[in-house]
Structure formats: C-alpha cells, structure tokens
Amino acid sequence: MVMELNFQVNRTCLYILLFFFAGLMIIYLGGSFSEKSAIQYTDMTHLDSPLHIDVNGNKVAYYDYSPTSYSFTVLLLHGMRFSKENWKTLGTLDILLKNGYRAIAVDLPGYGDSDRTTGLSNEDFLRQFMEKVDSESTVIVSPSMSGQFAIPVVFSGKPVLSGWVPVAPVSISSHKLEEYQSLQLPVLAVYGENDNQFRSQVEQYLGSIPRVRMKMITGGSHPCYLDSPAEWHQSLLSFLSEL
C-alpha cells in the first residue's frame, strides 16, 4: 500500500515537472518567434492614405512607410510623367519597408496631389521638405526630371546624404566632370541599355564618381525600373545593404 502511494506521488511530481518544462519551452520559443516577427509599422493608415504637409505655404503630398526603427530613409522622387503613386504601384514602398527601411515617396511641386510650389528653387524645396518630414540618414532616388531637384542638393552637401541613386537623371551636365570625380558619396547609378538620350552622360559623368556602382538594366528604356522591377529592387536593396 505504501509502495503504491509512493508511486502515485512520484508520478504526480513527474507530471508537474513535465508541465513546468513545457511551459518554459513555450515561453522561450514564443520570445524567439517574436524577435523574428514581421516589422511593426508606426501607423497602418499611412500605408494606404497619402499624407500632406505645408512647404512655403503650399500643400505637398507624400507617402511615408515607416518601421518602428530603421537605419536609412529612402526618399523616392519621380520623373515628369510620374508621381508618388508610381512607387506604390511598382511595389518599391512595400519592399523597402519589409526590408527595414523608411520609404518616403513625394509628389514634386505641380505633380500628383501637390500644389505648384512657388517662391522656392528646386533645391530649397527639396531641402525644406526633408526637414519637414525629419528625413535623416537619407538616400535619395532621383529618376529623370527629378535630377533637377536632387543634383543641387547632392553637390551642396546640405543636408549630408547617406547615398544617392540617380536613375538616368536630367541636369547631369550642370556640373563639371571634375566635380563628379571629387564627389565623396556612395552612388548607385542606374540606366537602361536602350536609353539613347542619357546613357552616354550617365556613363561619362556618373561613372567617374569614386564610390559609384554602375547598374545597366539590359534592354531597359529611360524609365528602366519599369522594364525590370525585380532587377531594380534587387540592385537597390543590395546597394542599401552595403551602406
């Protein structure tokens, strides 16, 4: 009788220990999974609805895809026939966010949902916009027409940028070759193989930057990121990962 009682007690203790260790494992694994969980967003409403701020008395529309913590802000400008919506449709905003970067896509003055800002140069507009949205450790992506905004900021050094991704931008020749050769900034220069208007300028001027990575999209046109989105995104993420 005593032996049977001892056996039942020992079995009960064993069950208690098993439940105890099982609970510890659940807590441990739960913590591990939470550390590897998806990026937490600051405000989910921002992912579908554009934001608006005032720059020099004019409305400026933009998207702001922000994780709770990030190393870089990627500021996406656009070409003459495009707007901030282009980067949403292409998936660039989502891809940058999912890889831990803050991604901002802005409608430049007179495009999309932004007013036609007056009284400011392109350079001053871009600088003021960056200040308004607290854009720090910024990498500017500037396709085509938006080179008129980005290039003056790049060469002024104010604010200090973390990188520059010119995509066959206009106004390349507004600065001398020697200035590009002295530019100390990580650069990913992207252009299309079939962009007959800008390819030679990109290769000559941007190709002379000391810390440049040249990326030609095979068979690509002027807006080459549209011709091969997967290749564009892979090149952009690879560049950002090395900054």
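A few remarks follow.
- In the full protein context, the stretch 91-166 carries 36 Å² of accessible surface per residue, based on a 1.4 Å probe and ignoring ligands, DNA and RNA.
- Bridging of Lys59 to lysines at a Cα separation below 26 Å is possible for Lys84, Lys88, Lys132, Lys158, once same-chain residues fewer than 8 apart are set aside.
- Neighbourhood net charge (15 Å Cβ-Cβ; Lys/Arg +1, Asp/Glu -1) for Leu185: +1
- Residue-normalised accessible area of the stretch 179-243, expressed per residue, 1.4 Å probe, Å²: 47 Å²
- Annotation for the stretch 138-243: GluC sites (Glu not before Pro) lying in DSSP loop with at most 16 further Cβ atoms inside 10 Å of their Cβ are Glu193, Glu242.
- Gyration tensor verdict on the stretch 107-166 (Cα atoms; rounded if a/c is under 1.5, prolate if a/b is larger than b/c, oblate otherwise): prolate
- Surface composition of the stretch 122-242: carbon and sulfur atoms hold 42% of the protein heavy-atom accessible area at a 1.4 Å probe.
- Cα gyration tensor shape for the stretch 160-205, rounded if a/c is under 1.5, else prolate or oblate: oblate
- Percent accessible area from carbon and sulfur atoms, the stretch 53-109, protein chains only, probe 1.4 Å: 47 percent
- In this structure the amide hydrogen of Ile217, modeled in the peptide plane, comes within under 5 Å of the amide hydrogens of Tyr191, Gly192, Glu193, none closer than 5 places in sequence on its chain.
- 10 Å binning of all Cα-Cα separations within the stretch 81-206, expressed as whole percents from 0 upward: 12, 43, 37, 9
The values are calculated or read from the model by the stated rules, or taken from the named source; none is laboratory data. For clarity, every value in this text was computed on a predicted model and none was experimentally measured. Ideal geometry is used to build each Cβ from the backbone, glycine not excepted, and the neighbour counts take in all protein chains shown. Just the protein is used for accessible areas: all its heavy atoms, side chains included, with ligands, DNA and RNA removed. Shrake-Rupley method; radii C 1.70, N 1.55, O 1.52, S 1.80 Å.
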